[in-house]
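Encoded as structure tokens, the structure appears first; notes follow it.
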Amino acid sequence: MVDTRISRRTLLTGTAAAGALSLTGLPARAEVNWKKYAGTKLEVILAKGPRGDNLQKNIKEFTDLTGIQVEAEQIPEQQQRQKVVIEFTSGRPSFDVVHLSYHVQKRQFEKAGWLADMTPFMKDPNLTAPDLVESDFSAAGLQYAKNDKGQMLSLPWSVDYFILYYNKELFEKKGVAVPKTLDEMVAAAEKLTDPKEGIYGFVGRGLRNANMAMWSNFFLDYGGEFLDAKGNILTDGPEAIAATKLYQTLLTKTAPPGVAGFNWMESMASFTQGRSAMWIDGVGWAPPLEDPAASRVVGKVGYTVVPAGPKGQYSSTYGDGIGIAAASKNKEAAYLLCQWAVSKQQGARLLQAGGGVPFRNSILGDPEVQKGVKTKEWLQSVIESGKISKLGLPVVIPVAEFRDIVGAALTATLSGADPAAELKKANDQYRPILERSEKT
Amino acid sequence: MSVLTQSTPAAAPSDAAPEKELRPPSYWPFVVPALVVVLAIIIFPWVFTIWMSLNEWKVGSPTTFVGLSNYQRLTSDPRFLEAVVHTIVYTVLSVLLPLVLGTFAAVVFHQKFPGRGFLRGVFIMPMMATPVAIALVWTMMFHPQLGVLNYLLSLIGIPAQLWVFHPATVIPSLVLVETWQWTPLVMLIVLGGLAAIPTEPYESAQIDGANLWQVFRFITLPLIMPFLFIAGMIRMIDAVKSFDIIFAITQGGPGSASETINIYLYSVAFTYYDLGYGSAIAVVFFLLIVLLAAVMLYARQRMVWTEIASDA
């Protein structure tokens, strides 16, 4: 009993303070009736990873707070995505709450109508703590969570920015400055590359599909847009060609051999072994890089934003959210769980463990929360990236096809194919697929 | 009740002569369970797959009948056509190499030498391991910078290779894993064949002064041919539908250089959720396997005939 009171009070004091600051117009006295759905049983399907771990590890607190029993299972990402789609298609999903990858599933879920609308819940002071307001989520988060009609179909959970990791020791040895622009980055990478020593200036994803996430950061910096106003795909234009040439140069001239088959895992292996001086990838890899058991570069890693291109400086952004199955019979209880998952306490834990970055500005900007983050430089790169965040993939249904087809074109350029010709071929192949899926 | 049922079969033979038509129903009910099972788990999925292949069937969207257009799309889909080529190359290599090496290993292990039983046990161990676990280990060994294979090559002065990380070497590298795993199976089958060969032909060959190669070429090989065909058939069917090793090591990459029909089919159906098109690929894939099996069976049939002819 004592436990219950403490955790509830902790949560409420935190929320009340933030609520007083927000200009929502909600009655300040309204209080969430957390216990209203006590006894309900919820099923949750999670993708394996730090978000899932963080939820499962602390789920007892939620049960103590609400009296709601939670059965949560974690499945590896690829399989989880498939299982979720198959279960939704059956019309009777076995879960009430679902963890989704926005950059892959947003359009698909919206179009199929699989998620419940949370907008009315968010307006109900009996269900929503006063600090949970739309305006607290970053713009990218809202862009992901809302559909065309402005309905909130999920709560943005964790954002993934692409940042530049660099090996300070190698930089010092060669007297190279941290690059501020993409051109400087190429020059630095060339200077740092020393094949005789087995040291390379740059490493990053060359593997088809996975490589799109990194390439898109170059594409955005060159001023690229994925779709025109009519929804046509634009990845064979001059911006894309320039980005691909940069990608080709970096990965063929300054990257370790075999990079065409590297995903983040192989890239990280090369970086943690001190074999590569720079690495651009998602923000979540600080824990393994700073883990003495897994890394030889502990304490030597620099974290900064991805360098600027000729048309701007962006950080490719991806993210995941947590939503309620439209077919669920326990939507209100499920909503309480979603709310708890993105709460300040849970978000702070996620950030401090380096396992993710909350979409909520009130968490990220809180000095108390920031104090708990071990690597300050990393946190700084996260905050800076948040200011230049831009979605890293087109918001369409056939995202997987897009990543596969254009990604294969990029990989082909690594064995010498011409960027412009490969991109054109990929676009010709992808265009009918996009048309077929968006126009039905 | 029991009296009645017992008396019926006893009475049947005398009644049967004038009314033969009444007999089928008496055993028909016993066939029904098997028939239901076959219909439900073999025929129905097939008919349903064919039906799906005639529809535009994307998860989350309504289904529309489109006739043969999914099949038309196949003929102009470069990724599918490449996948067919990859499948054929992969299959041919991963049938031939284990056959040759497995036969050689069987001949060696057929000899008597100290520690034979133990070494034979060691030799068949790859076969017992889980393909996905093997694949993960090989992935690490293939790593161009950190892998043990390039280290071993460097010891004998051969420059580092890119193995599964380069489009040109990815399929041979995967075949290497497949060969490593399945050569023991071929060896076991051939070893069984060798054990069944009588010793007389060898004795007379020895008297005639045949050398080792001649003994193998003109006595052993013809006599184990039926076993090699069985081994070849099993290998072929396995190699054509190989999935786990390729998927776990390269996922069809780099680019799509090792994407076989199976891997592509998986992407289409479970990553792109295009069930109609995926079904069309499955149907064509099935026909391809049937065709290959038919060719093998035909070859085997012919071989048996010539054998009998030469015996006579």
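Any read-out appearing in this document is the output of simple, stated calculations on the displayed coordinates, not a laboratory observation. Everything quoted here is computed from the prediction, not taken from an experiment. Every residue, glycine as well, gets a Cβ built from its backbone with ideal geometry; the counts of neighbours run over all protein chains shown.
The table for this structure:
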item	result
Rounded to whole Hz, the Karplus (6.51, -1.76, 1.60) HN-Hα couplings of the range A:420-427, x for glycine and proline	4, 5, 5, 5, 5, 4, 5, 5
Segment residue B:223-residue B:41, extension gain: residue separation times 0.36 nm, minus the distance between their alpha carbons	61.6 nm
Contour excess over end-to-end distance, with Cα ends at residue B:130 and residue B:207 and 0.36 nm allotted per residue	23.0 nm
Karplus 3J(HN,Hα) series, Hz, for the range B:235-249 with 6.51 cos²θ - 1.76 cosθ + 1.60 (x for Gly, Pro)	4, 4, 4, 4, 5, 4, 9, 3, 9, 4, 5, 5, 5, 6, 8
Residue order, fewest to most surrounding Cβ atoms within 10 angstrom, among B:110, B:143, A:99	B:110, B:143, A:99
Separation in nanometres of the label points that stand 7 Å from Cα toward Cβ, at residue B:75 and residue B:197	4.9 nm
Distance histogram in 10 Å bins (all Cα pairs of the range A:273-429, percent per bin)	9, 26, 31, 23, 10, 1
Label-point separation, residue B:141 to residue B:27 (7 Å along Cα→Cβ), nm	5.4 nm
Flagged links, alpha-carbon separation over 21 Å, of A:180/A:245; A:36/A:60; A:196/A:245	A:196/A:245
Karplus-derived HN-Hα couplings along the range B:102-111 (A = 6.51, B = -1.76, C = 1.60, θ = phi - 60°), whole Hz, x at Gly and Pro	x, 5, 4, 4, 5, 4, 5, 6, 6, 5
Whichever lysines have a C-alpha closer than 24 Å to that of residue A:83, once near sequence neighbours (fewer than 8 apart) are set aside	A:41, A:48, A:57, A:106, A:111, A:146, A:329, A:331, B:58, B:241
Within chain B, helix-based [θ] at 222 nm, where runs of 4 or more DSSP H residues each add -39,500 (n - 2.57), nearest 500	-23000 deg cm²/dmol
Spacing of the two label points (7 Å from each Cα toward its C-beta) at residue B:214 and residue A:424, in nm	6.5 nm
Quotient of C-alpha Rg and 2.2 N^0.38 Å, computed over the protein assembly as shown	1.16
FRET efficiency estimate (nearest 0.05) - Cβ-Cβ, residue A:31 to residue A:361, R0 25 angstrom	0.55
Whole-number Å³ per residue for the convex hull built on Cα positions in the range B:71-311	158 Å³
Electrostatic dipole magnitude of the range B:71-311 [Cβ: Lys, Arg +1; Asp, Glu -1; Cα centre; debye, to 20]	180 debye
Förster radius 45 Å - calculated FRET efficiency between residue A:329 and residue B:291, Cβ distance, rounded to 0.05	0.35
Å³ per residue enclosed by the Cα convex hull of chain A	141 Å³
